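Visitor: Could you have a look at this structure, given as structure tokens, before my questions?
The values are calculated or read from the model by the stated rules, or taken from the named source; none is laboratory data. Owing to the predicted nature of the structure, the values given are computational and were not obtained by experimental measurement. Cβ atoms come from the backbone with ideal geometry, glycine included; neighbour counts cover every protein chain shown. The accessibility values were calculated without ligands, DNA or RNA, using every heavy atom of the protein model including side chains. Shrake-Rupley method; radii C 1.70, N 1.55, O 1.52, S 1.80 Å.
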Amino acid sequence: MAATQFDLVIEGGTVIDGTKAPRFDADVGVAAGRIVALAEPGALAGHGARRRLAAHGRIVAPGFIDSHTHDDLAVLRHRGMDFKVSQGVTTVVTGNCGISPAPLEAGTPTPAPISLAVSGGEGRFGTFQQYLQAMERTPAALNVAPLVGHTTLRARCMADLGRAADAAEVQAMQQHVRQALAAGAIGVSTGTWYPPAAAASTEEIIEVCRPLSELGGVFATHMRDEGDGVFDALDETFRIGRELGVPVVVSHHKVNGAPNWGRSVQTLARIGAAMQHQCVALDCYPYTAGSTMLHDDPARLAGRIVIAHSVAQPQMAGRELAGIAAEWGCDTMEAVRRLQPAAAIYFTMDEGDVQRILAFEHTMIGSDGIPLGERPHPRLWGTFPRVLGHYSRRLNLFPLETAVWKMTGLTAGNFGLEGRGRVAEGCAADLVLFDAERVIDTATYEEPQRAAAGIDAVVVNGEPVWAGGRETGARPGQVLRRRLEAARSS
Ligand code: ZN
Ligand code: CU
């Protein structure tokens, strides 16, 4: 090979390429944000490079793609994104669970959970295009692949969220979906489990999402029910995908509530059966507690609940709801009222189900982290290293190559992120260097804001963004717009 000038050479590492293929030793050469050479160990030593990273004894993998995030505004307000790049994440899928910061007008009422995502008057964008342009004006350290949220569209287009949309409202929402997809959104998400979208009918969702059939994109859903009604919710999800002819993503799959523990055997069988006939994807976070808005429905307040964040009573973050009520000498519902708006952590899942879902062949890894407050759920900082270190290395739930694939190649394929999620010549140089023997999460429920151990360097579009346990300050993140011409015709 003639002497090439590289921007970056990663020398002496072991590549896990994101396809599930066995690891191999190679040097990696990067130029203009892309991987341009994968060569025999030592082969790139004689070539010029602006930067070199020594990777001896380290794994070189594609940067992780977080398939499920609520980082929509964090990428604008907290552009270093330390809680994600410290884990090796180089791309976040935003706009999940029906919630996106666009399109929203200044005066649009935003009930919870939208309010948690778009606090105050700032952080709203009248059109999806304006939101994408804002991210491109002030890029983050990592890439963003945005979904547009159906609950946000309801807030924008409907005065009464307590009923299904009428024909004019469906039309208006459909128009917004068309515009968002034309701007580059990678799909639509729903969150019919949440009050502002619970009254939406299946037909409403199908009609609002119609433009997906024509323009391409995925349908991602926080389903109507992840507890007693999980099978009906799965059937509804599959029906929407079939009627639209688009891939569906079952977000943060779980079975909630002790009476349902163990039923992941059946839900996964149901998902596997549907996959015979249509495109179905799913993701999972590696914890037995979930986190979301603090509910004011007594039926949703069973079991152990820890306050993650309270706007009204910030000092209560980290405390159990029952203890707060006791201290205040009031009942739980009164305590909830005084804490709102707030987010909480709910211990509702069984470890056996979590492991079974993580180990299911088609499951992607997504954090569902909520970047708010002092005591967030530890998944915000710990998801990816926990899967690598705890579930793959310690529990041997699957080989490291499979773990990496679940956070890279599988995810890029499911969301249509071309040229991402693999270490191969021509692919974007989104890379993570980590120590397979040491990588582990350190974030806990008590101390959730702690960077993982064993992540040595993280590179986004050819630029190091994390090295030596800290941010480099680089902001090379891109908006990964869906390319319309690549959509249906291919
Ligand atoms: Zn959700
Ligand atoms: Cu979510």
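Visitor: Where does the chain land on Rg/Rh, using Cα atoms and the Kirkwood Rh?
Guide: 0.96
Visitor: Then there is this: Leaving ligands, DNA and RNA out of it, report the carbon-plus-sulfur percent of the accessible area of the chain at a 1.4 Å probe.
Guide: 50
Visitor: For the stretch 200-241 and the stretch 257-289, what is the separation of their Cα centres, given in Å?
Guide: Between the Cα centre of the stretch 200-241 and that of the stretch 257-289, the gap is 16 Å.
Visitor: Excluding ligands, DNA and RNA, what is the solvent-accessible area per residue of the chain at a probe of 1.4 Å, expressed in Å²?
Guide: 36
Visitor: Only sites in a loop by DSSP and with at most 12 other Cβ atoms within 10 Å count here; which trypsin sites (Lys or Arg not before Pro) in the stretch 200-298 make the cut?
Guide: none
Visitor: Please list 384-394, 275-285 highest first by mean number of surrounding beta-carbon atoms within 10 Å per residue.
Guide: So the order, starting with the most tightly packed, is 384-394, 275-285.
Visitor: Right, something else. With unit charges on the beta carbons (Lys and Arg positive, Asp and Glu negative) and the dipole taken about the Cα centre of the chain, which residue among Thr190, Ala31, Thr383 sits farthest to the positive side?
Guide: After comparing all options, I get Ala31.
Visitor: Any idea how far apart Asp166 and Gln278 come out in nm if each label point goes 7 Å out from Cα toward Cβ?
Guide: Placing both labels 7 Å beyond Cα along the Cβ direction yields 3.0 nm.
Visitor: For Asp225 paired with Glu136, estimate the spin-label separation in nm (one decimal), with each label point 7 Å from Cα along the Cα-to-Cβ line.
Guide: For the pair Asp225/Glu136, the computed spacing is 4.4 nm.
Visitor: Which of the lysines could be linked to Lys254 by a straight reach, that is with a Cα gap under 18 Å, when you skip same-chain ones fewer than 8 residues away?
Guide: Lys406
Visitor: Now, a different point. Once both labels are modelled 7 Å past Cα along the beta-carbon direction, what's the Glu327-Asp296 spacing in nm?
Guide: Inter-label distance under the simple model: 2.2 nm.
Visitor: Still on this model: Arrange the peptides 339-345, 160-166, 125-131, 440-446 so that the one whose residues have, on average, the most other Cβ atoms within 10 Å appears first.
Guide: 339-345, 125-131, 440-446, 160-166
Visitor: Quick one: helix 230-244 against the long Cα principal axis of the chain, what's the angle to the nearest 10°, folded into 0 to 90?
Guide: Relative to the chain, helix 230-244 is tipped by roughly 70 degrees.
Visitor: A further question follows. Set the Förster distance to 60 Å, then compute FRET efficiency between Arg338 and Ala45 from the Cβ-Cβ distance, nearest 0.05.
Guide: Working from the Cβ atoms, E equals 0.40.
Visitor: Post the alpha-carbon centroid distance, the stretch 416-478 to the stretch 1-77, in whole angstrom.
Guide: Between the Cα centres of the stretch 416-478 and the stretch 1-77 lies a distance of 11 Å.
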